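The values are calculated or read from the model by the stated rules, or taken from the named source; none is laboratory data. In this text, all values refer to a predicted model and were calculated from it rather than measured experimentally. When we count neighbours, we look across all protein chains shown, and the Cβ atoms used for this are built from the backbone with ideal geometry, even at glycine.
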Amino acid sequence: MTDDILKRRGFFKNSLMNAAKAAYEFHKGTNPVQSKKIVTYGIDYSLRPPGAVPEKTFLELCTRCDDCVKTCPAKCIKKSTAKGMAGTPVIMPREEPCVLCDDLRCIKACTTGALAPVAREQVAMGIAQIDKKKCIAWDGENCQVCSAKCPFPGEAIVLDDFRPVINEEKCTGCGLCEQACLAINNRAPIRVVPSKLLSIIQWRNKI
């Protein structure tokens, strides 16, 4: 009995460490795999809708009612099929990013508190990361498509000699830059790291 418990604990620890390592490597811009897949290295890069409370609490409060899915004007909120998250609302920016509609209807539609009221500019679904080695603007080409698509240009994405730089304090994680970038650069230099993965990165940095 004791051996079984130890084995399960060991498996859980190794799985968590692998997830943290993959997320941490991408956060540093060293992830060797870039593709149009939503999941890389077994990591789920889907975003929660605007106003989502911390993941553990979110999963406790979300009733899978689909009200936020139905009310989304951009039709970007989908139902997750991932293990442990099935039926909960997610946004996959490489397919349909959040447009940060003026009235944030998804939050208004949520009656359980899983999506809490927040100002549009303070939405924190994740943080966009740019792999400068794969960004054509950082390779000398004239491209500012990510900045042009950003709902807060000059704030969330600033230009350094016409090269995009993410201001993490202002980035909402909407994913508009990620989808726009992927449309012209199949090397996918931009990836939004979801808030639920950022917590793993913060945990990884402490151990």
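Cβ separations smaller than 7 Å between residues 6+ apart or across chains give the following pairs from the range 49-62 residues that are closer than 12 Å to Leu115 by Cβ to residues that are among the aromatic types (Phe, Trp, Tyr) and modelled with pLDDT of 95 or more: Ala52/Phe58. Whenever a residue of the range 97-116 is in a helix (DSSP H, G or I), its partners that are among the small types (Gly, Ala, Ser), lying with C-beta atoms within less than 9 angstrom and at least six residues away or across chains, give the pairs Cys106/Gly51; Ile107/Gly51; Ile107/Ala116. Kindly indicate whether Ile166 is within 25 Å of Gly84 (Cα to Cα), surrounded by fewer than 21 Cβ atoms within 10 Å (Cβ to Cβ), in contact (Cβ under 8 Å) with a residue 12 or more places away in the chain and not polar (S, T, N, Q). Criteria not met by Ile166. Residues of the range 118-174 that are under 18 Å from the mean Cα position of the chain (by Cα) and small (Gly, Ala, Ser): Ala124, Gly126, Ala128, Ser147, Ala156, Gly173.
So which residues in the range 57-70 are in contact with a strand residue (DSSP E or B) (Cβ under 6 Å, 6 or more places away or on another chain) and either in a loop (DSSP other than H, G, I, E, B) or farther than 17 Å from Lys196 by Cα (or both), if there are any at all? Correct list: Cys68, Val69. Within the range 143-189, being at negative phi and among the acidic types (Asp, Glu) holds for Glu155, Asp160, Glu168, Glu169, Glu178. Against the numbered list (1) over 15 Å from the mean Cα position of the chain (by Cα); (2) under 22 Å from Arg94 (Cα atoms), Cys110 comes up short only at (2).
Within the range 117-163, how many residues are surrounded by 17 or more Cβ atoms within 10 Å (Cβ to Cβ), in contact with a Ser or Thr (Cβ under 7 Å, 6 or more places away or on another chain) and farther than 21 Å from Ile107 by Cα? Within the range 117-163, residues that are surrounded by 17 or more Cβ atoms within 10 Å (Cβ to Cβ), in contact with a Ser or Thr (Cβ under 7 Å, 6 or more places away or on another chain) and farther than 21 Å from Ile107 by Cα number 2. Answer with yes or no whether Glu25 is modelled with pLDDT of 95 or more and of a type in the set (Asp, Glu). No: the conditions fail for Glu25. Residues in the range 169-186 that are exposed (fewer than 14 other Cβ atoms within 10 Å of the Cβ) and in a loop (DSSP other than H, G, I, E, B): Glu169, Asn186.
Matching residues to (1) in contact with a His (Cβ under 6 Å, 6 or more places away or on another chain); (2) closer than 30 Å to Asp103 by Cα; (3) touching a residue at least 40 places away in the same chain (Cβ under 8 Å):
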residue	(1), (2), (3)
Met125	no, yes, yes
Ile130	no, yes, yes
Ile136	no, no, yes
Cys146	no, yes, yes
Lys149	no, yes, no
Pro153	no, yes, no
Asp160	no, no, no
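If you go through the range 71-92 and keep only what is within 19 Å of Pro54 (Cβ to Cβ) and either among the polar types (S, T, N, Q) or not in a loop (DSSP other than H, G, I, E, B) (or both), you end up with Ile77, Ser80, Thr88, Pro89, Val90, Ile91.
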